[in-house]
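K.L.:
I have a structure here, written as C-alpha cells, and I will follow up with some questions on it.
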Amino acid sequence: MPIYVPATSGGFGIERVVGGIFVLGLPYALLHSGYSGLFLIILTAMFCCYTGKILIACLYEENEDGQLVRVRDTYEDIANACCKKLFPRLGGIVVSVTQVMELIMTCILYLVVSGNLLSHSFPHVPMTEKTWSVIAFVTLLPCVFIKTLKIISKLSQLCSLVHFIIIFVVITYCLTQIHQWSWTRFRFSIEFENFLVSIGVIIFSYTSQIFLPTLEGNMKNPGEFNCMLNWTHFFACVFKTAFAVTAFLTWGEETKEVVTDNLPSFLQTLVNLCLLAKALLSYPLPFFAAAEIVNACISKGNHFGNCAPLFGLVLRGSLLFLTLLMAMCIPHFALLMGLTGSITGAAMTFLLPSLFHLKLKWEKLVLLEKCADISVFILGFLCSLAGLVCSIKGLLEAFGGS
C-alpha cells in the first residue's frame, strides 16, 4: 500500500538529499575550481532539475484520449522499456547495478567521513582514521536487522535536524570572520585535473534521481512535482553557493577536504560529533535501499522458502562488511566523492535520463528538446570520463604518497 505524502514533504525530502553531508566538500571543490566552481554549482542544479523532470516524463504515456497515464513505476521499468526489443531486461540490470554502486559508495563515504571526524575530534587518542572507521562501523551493525522503512524515516528526521544545526554553526562562525574575507582568494585560472575532480564532487552533491520515481508516485498531487523540483533545486543551489562561498572566503587556500576540520578546536569537536551523528543516522537509508535492490535481483525467479529470512540477513551482513572493507581501502573523502560523482552520479543524473527520454519520446519531442537532451548527454559523458580519469589518478597519487 503506497504512502502518500504532500508536495511540501516531497520537496523537503529532495532538499535533504541534495543538501546533505556531502555539501561539506563544496568549499574544497571551490579551492580547485575558483569562479568556475560557482558557475558549475548553478549549472549542475539546472541540469539536475531538468533531467529529473524528463525522467519522470518517461513514466507516462498518452492513452487514446490524449491523457497522460503512469504506465511505469521505477527507474528500472523505464530502462527495460527502452531495451525491450533487443534485450528486455538488460536496461533494468544496468540501472540496478548503477544504483547499487551509488548507494554502496554513499555508505562507504559515510564510514570514511566518520573516521575522519572521530580522528579530528580526539586528536590525542593514538588511533588512525581507519581504526576510528571500524569503531563507527560497529555502531552500524544493527542495520542488518532493519526490514522496513519505518525506523529509517524516524532516523531521517533526526538527521535533518542535526544537519541544519551543523550548517548554522559553520555559517555563523564564518560570518564572524567576515573582516578577513577577500575575493582575491577566488582564482580565474584553474588546475585542470583538480577542476575535473571538483566536477564530480559538485555532481555527487546533487544526485537524487534514483529516488524521484518513488517520490513522485507517493505524492498526493503528482501534478505538483515539477513545481516542487524547481523550488527545491533553486533553494539547494542558493544554499550550496552561499555555504561554499562563505566557507572558502573564510579559509581560502587552507580549506580542507571536510570543511569542518578548519574550525577552531572549541567548535570543531562539537560540530564533528554532530556530523558523526548525522553520518551514522544517514547510513541506514542508502544501505537499506541497496540491500533491497540486490535482494530483489537475486530472489527473482528463485524460491528460498523458509531460508529467505536467513538469506536476507546474510546478504545485509555481507553488504555491511563490504562497505567497511572499501572504506579501509580508499580513505580519501573528496577523491572518493569525486570518483562516485563521475561514475554513478553522472550516469544516473545526466546520461541515462537524457538517453531514455530521447528513446521513449523521440517522435513527440520538438527540435529544441532533442538538442537539449543530446547536449546534456554529451556534456555528462565528457564530464564523467574526464572526472573518472582524474579521480583515479588522484587516488593513485594519494596512495603512492602515503
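No lab work stands behind these numbers, since they all come straight from the coordinates. Quick caveat: nothing in here was measured; it's all calculated off a predicted structure. All Cβ positions, even for glycine, are placed from backbone atoms using ideal geometry, and neighbour counts span all protein chains on display.
K.L.:
Would you list, by chain and number, the aspartates and glutamates whose Cα falls below 17 Å from the Cα of K220, excluding same-chain residues fewer than 8 positions away?
P.N.:
In chain and number order, the partners are D73.
K.L.:
OK, next. Starting from the Cα of W181, step 7 Å along the direction of its Cβ; do the same at V97; then give the gap between the two resulting points in nm.
P.N.:
Reported label-point gap for W181 and V97 is 4.7 nm.
K.L.:
Show me the trypsin sites (Lys or Arg not before Pro) within the stretch 211-286 that DSSP assigns to loop and that have at most 13 other Cβ atoms within 10 Å of their Cβ. Walk me through the intermediate numbers first.
P.N.:
Working: sites: K220, K240, K256, K278; in loops: K220, K256.
Those satisfying the criteria are K220.
K.L.:
Then there's this: Beyond a 28 Å Cα-Cα separation, which of these cross-linked pairs lie in this structure: K154/K240; K53/K256; K150/K256; K147/K278; K53/K147; K53/K240? Walk me through the numbers before you get to the answer.
P.N.:
Values: K154/K240 25 Å; K53/K256 35 Å; K150/K256 36 Å; K147/K278 21 Å; K53/K147 31 Å; K53/K240 21 Å.
Correct reply: K53/K256; K150/K256; K53/K147.
K.L.:
So for the pair R70, F381, with labels modelled 7 Å out along Cα→Cβ, what separation do we get in nm?
P.N.:
3.2 nm
K.L.:
Just to verify a number: FRET efficiency for I151 and I42, C-beta to C-beta distance, R0 = 45 Å, to 0.05?
P.N.:
On the way: r = 37 Å, r/R0 = 0.81.
The value I calculate is 0.75.
K.L.:
Mind giving me the nanometre distance, one decimal, between the label points for A296 and L270, set 7 Å out from Cα along Cα→Cβ?
P.N.:
Here the answer is 4.3 nm between the modelled labels.
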